[in-house]
Amino acid sequence: MQTIIDAIKTVAKETFNADVQPELTRPEEQFGDYSTNAALQLAGKVGKKPREVAEKFVELLKARLGEDVKEISIAGPGFINILLSDKALLEQVKAAPTTKPQTYKDKVVVAEYSDPNPFKVLHAGHLYTTLVGDSIATLFEIAGAKVHRVNYGGDVGLHVARAMWGIIQELGGENPEKLQQVAENERPVWLSQFYVKGTAAYETNEQAKAEIIEINKRVYELHTSDDHDSPFAQIYWTCRQWSYDGFDKLYKELGVQPFERYIPESESTPKGILLVERGLSEGVFEKSDGAVIFKGEEHGLHTRVFINSNGLPTYEAKDLGLAEIKWQDYKFDKSFIITGNEQIGYMKVVVKALEHFHPGITERTTHLTHGMIRLPGGKKMSSRKGNNPKAKDILSAASAANKQARGNDDPRVSIGAVKYAFLKHRIGGDMIYDPEESVSLEGNSGPYLQYAHARANSILAKVKTNAEDSSSLEALERSLARKISEYPEAIARSVNELMPHYIAVYLYQLAQVFNRFYEKNKVVGDSREGVRAYLTSQYANVLKDGLNLLGIAAPEKL
């Protein structure tokens, strides 16, 4: 592909003394392998009709590309269609599984995702950002970047106070020794129920609300006093660690890459407070009714509170501190964050405030957002009320559906089903996760692609011809080769737009093309076994590589 782009640039410069930025697109197969609008670009620069330019262009491009092309033709007002020779196409097939863009070569990238809060379990939204974030971080890595995977969560704040209130009620007071009665495998679920109870009490009971507000202050004081010994501190630190252990266990089960670092709010809070205090003295923030606010309207945004009237930092101040930590520690070239869509306006305000302290950081930061994750039925759910689907709920549903469909549950399949179900959709919109659909072998699913890979390996296990056949390609062989050759383009697009779904869409299309090929083309024992086995092998290699980029296992046998 790059050879063609370079040839187009050279012809344009040498013949028309003009520079072009050629774009190669994929036309329908009957028109060729590539199409370019270079002649239309040149026509305006040299004052000639596009078709006249195209006719001259075709002649010179044929001479420059030589035996790499079989045919170059003109379509419409001056589009140029290029059909590769079978030899050149097979060269692309050979390179496809290992060709990766180097868009971020030697760049430093901070990838922040997952972001669950201690004292609560991971819900469906956290599961989504964990899986999508892991895949995007991998895209950065294969594009040459040094990636720092970081996790952020609220180990201080009102949600912690609500949970701590519920835990203390359950323990009959500040009795940390009773925590030993909670079985290790029950701890994450045990903890999650107290946030729900504490929230209900906070909203309906004035005495409980006052107690929770006091607990909130005590939790902040734990971090400033470094208290680990008081009964209250023992409950807090023990339960916080239970949360982290639960997160790590789930990440391991999911098979995502480990996080380099977990940055808690207790670490970002002091830095955020200092920035707000500095910004207050420099006119970035102002006081209003005892609180410290940022007047976003001056920037086309909205006003938000950074220090509340009780003198406590809000999420906004903590996020300022987090940004400060990431910038000071990593001096990144690129940073990305994934949150729910409801955070769009919020993040714009935080980033705008941050610009005062670190100018230019906006251009380096990408904020990706996603919609609601629902189970079939479409009911809206809330973590505050305890009816938000948990990450474990999603995984359990996939496991049960997989067992129902096949009589047993292979975690590689059920977890792969969840990952693919999330990753095949463009990031941004709401989605419904259907367990039965996700494990189906008959649709656009992870298991469908896993079995497609296993099936290809089963065919290859019976092949006796080892040599690659470089003879000319028959029609369906060529269709398969052409689709395999498109793999690097799917990766490049995913990297450029930070959208893994392009890879998922491509893999599904590739499997469909192979099915059409295999339906009418015998591989094992055929006179064309060599070339067909080679294409099957490269098809399997691309499937495996693509699934791995999505974090999905590609077993050779299932």
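The values are calculated or read from the model by the stated rules, or taken from the named source; none is laboratory data. It should be emphasised that the depicted structure is a prediction, and the values quoted were computed from it without experimental measurement. As a convention, Cβ positions derive from the backbone with ideal geometry for all residues, glycine included, and neighbour counts pool all protein chains shown.
Residue-wise test of (1) touching a Gly at 6+ places or on another chain (Cβ under 9 Å); (2) part of a helix (DSSP H, G or I).
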{"site": "419", "(1), (2)": "yes, yes"}
{"site": "422", "(1), (2)": "no, yes"}
{"site": "428", "(1), (2)": "yes, no"}
{"site": "436", "(1), (2)": "no, yes"}
{"site": "447", "(1), (2)": "yes, yes"}
{"site": "451", "(1), (2)": "no, yes"}
{"site": "455", "(1), (2)": "no, yes"}
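Scan region 1-23 for residues that are under 23 Å from residue 99 (Cα atoms) and either polar (S, T, N, Q) or in a loop (DSSP other than H, G, I, E, B) (or both) and the total you get is 6. Scanning region 351-372 for residues that are farther than 18 Å from residue 279 by Cα and outside any helix (DSSP H, G or I) returns 365, 366, 367, 368, 369, 370, 371, 372. For region 533-558, the tally of residues that are modelled with pLDDT of 95 or more and among the basic types (Lys, Arg) stands at 1. At least 1 residues that are buried (at least 19 other Cβ atoms within 10 Å of the Cβ) and more than 24 Å from the chain's Cα centre (by Cα) in each: list the helices (runs of 4 or more DSSP H) lying fully within region 477-558 that qualify. Qualifying helices (runs of 4 or more DSSP H): 501-520, 529-549. Using the structure shown, decide if residue 140 is surrounded by 17 or more Cβ atoms within 10 Å (Cβ to Cβ) and in the same structural domain as residue 240 (by TED's automatic domain parsing). Criteria not met by residue 140. Among 183, 208, which is farther than 30 Å from residue 411 by Cα, among the small types (Gly, Ala, Ser) and at pLDDT 95 or above? After ruling out the rest, the residue left standing is 208. Within region 24-47, the set of residues being assigned to a loop (DSSP other than H, G, I, E, B) and out of contact with any helix residue (DSSP H, G or I) (no Cβ under 8 Å at 6 or more places or on another chain) comprises 27, 28, 32, 37, 47. Taking region 166-207 as the range and being at positive phi and either touching a helix residue (DSSP H, G or I) at 6+ places or on another chain (Cβ under 8 Å) or aliphatic (A, V, I, L, M) (or both) as the test, only 172 passes.
Yes/no matrix, rows are residues, columns are (1) under 26 Å from residue 341 (Cβ atoms); (2) touching a strand residue (DSSP E or B) at 6+ places or on another chain (Cβ under 8 Å); (3) modelled with pLDDT under 95:
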{"position": "85", "(1), (2), (3)": "no, yes, no"}
{"position": "92", "(1), (2), (3)": "no, yes, no"}
{"position": "97", "(1), (2), (3)": "no, no, no"}
{"position": "105", "(1), (2), (3)": "no, no, no"}
{"position": "123", "(1), (2), (3)": "yes, yes, yes"}
{"position": "133", "(1), (2), (3)": "yes, yes, no"}
{"position": "141", "(1), (2), (3)": "no, yes, no"}
{"position": "144", "(1), (2), (3)": "no, no, no"}
{"position": "148", "(1), (2), (3)": "yes, yes, no"}
